[in-house]
């Protein structure tokens, strides 16, 4: 794609000013990195069509995007369209791949949420029977892939069981619209963020309220659980983020440093750091255990709309209304890459789970895929190891013994006919590394096995 020369020159000029290190009020040095020289990279692929949201597959090979009445699944290695999902009366504004890789969930503001089988492409169920979900603000998968939580603008959250296709709870407690619903790492609790300035933590085994987090003085935009589930960080339009004890509901630290709305606050995958993004055009890195500032990233010239972590916790990426995204080194605070090519504001940014690519969605009606140099090979190896599955014997007569790398969440082994019809679903508990698959009652033939992100064949004789 051609890049406007004047825009490129303006970005280059922006990237050549000096580095400052002001002191914080506590007397400690806060490193503020402004406009350091970074390489400007162009997109690997540009996916045309309006994109309201996007989500990566677990193996980083596919990207799902939402658009007018359609969801598209793209091959991220070639930039080509693999298939589309079309069963909507309105725009598709939200799309999410299940952590186990078997399902895709979609929804729109005035649309029912739809659950899709990512392999057969079949629509499994919709929330059409729950007519009060007339405007959906957010949806989120439980980490064990067994349930979906839907946040609505009527202030309620709805939890659906994937196996039974039934609504199991309606969570009522907020007095205003929901912005975000976020599952705890163990899939047992849900945090709901609202315009009513509060966050409620729910027990998802009973559908009852555990505690209400009260402390923000304006709309709560986002909530993110710590990897161990013991704390939550929330972002608010009161220009702060707050770290909470998720059990007691007490405030652990209030993160003050932004002069504009805090649009997002995210825990690093290793649990040591928190990154916040703000309408003041900066991002700040915080020590999660102390609540102190470590780095301030200054390089955008408009609101930062979205932020994400690399899987290895060594980088963050920020997306801005200034039409650019920036990749930062969190240790040094320097800019590594400026992602230049969008012609309107960037709404979302997501890092692929293998760490090799970033996807950005913009109001210019495109999603762009960017290849990030220097991706950590260990992350790729981990992703590859977890996706593989070995089994014996093959061909099989009675039972097949399957071996695979354990996952930190529950998953399923799906068995399909060669025509793509699902025959049965074999549950795999979290942490398990083997399973005995009963094949003795199946007729002779070739079958497809799907687990995590891997599909392979097995013969029954």
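None of the figures in this text is laboratory data; all of them are computed from the coordinates on show. What you see is a predicted model; the values in this text were computed from it and never measured. Using ideal geometry, Cβ is built from the backbone for each residue, glycine included, and neighbour counts are taken over all protein chains shown.
For segment 5-378, with equal point scatterers placed on the C-alpha atoms only and solvent neglected, what are the log10 I(q)/I(0) values from the Debye formula at q = 0.07, 0.08, 0.09 1/Å, to two decimals?
Scattering profile of segment 5-378, log10 relative to I(0): -0.29, -0.38, -0.49.
Sequence gap at least 6, Cα distance under 8 Å: using those rules, report the relative contact order of segment 173-328 to the nearest whole percent.
With pairs under 8 Å counted, the relative contact order is 13 percent.
With a Förster radius of 56 Å, plug the Cβ-Cβ distance of residue 442 and residue 259 into 1/(1 + (r/R0)^6) and report the FRET value to the nearest 0.05.
The computed FRET efficiency comes out at 0.30.
With each label point set 7 Å from Cα along the Cα-Cβ vector, what nm distance links residue 135 and residue 217?
Result: 2.7 nm between the two label points.
Expected output is a single nm value to one decimal: the length gained when fully extending between residue 210 and residue 161, i.e. 0.36 nm times separation in residues minus the C-alpha distance. What is it?
Extra length available between residue 210 and residue 161 comes to 15.6 nm.
So for segment 129-228, what percent of the C-alpha to C-alpha distances run longer than 16 Å?
50 percent
Can you put 297, 125, 416 in order of Cβ neighbours within 10 angstrom, beginning with the fewest?
125, 416, 297
When N is the residue count of segment 72-213, what does its C-alpha Rg come to as a fraction of 2.2 N^0.38 Å?
It is 1.04.
How far is it, in nm, from the label point at residue 40 to the one at residue 75 when both lie 7 Å from their Cα along the line to the Cβ?
The answer from the label model is 3.2 nm.
Considering the Cα trace of segment 152-286, what is its radius of gyration and what is Dmax, both in angstroms?
14.5, 47
Provide, in order from the shortest bin, the percent of all Cα-Cα pairs of segment 251-332 in each 5 Å bin, continuing until the bin that contains the maximum pair distance.
Computed distribution, short to long bins: 3, 17, 30, 26, 17, 6, 1, 0.
Rounded to the nearest 0.05, what FRET efficiency is calculated for residue 248 and residue 48 with R0 set to 60 Å and r the Cβ-Cβ distance?
0.75
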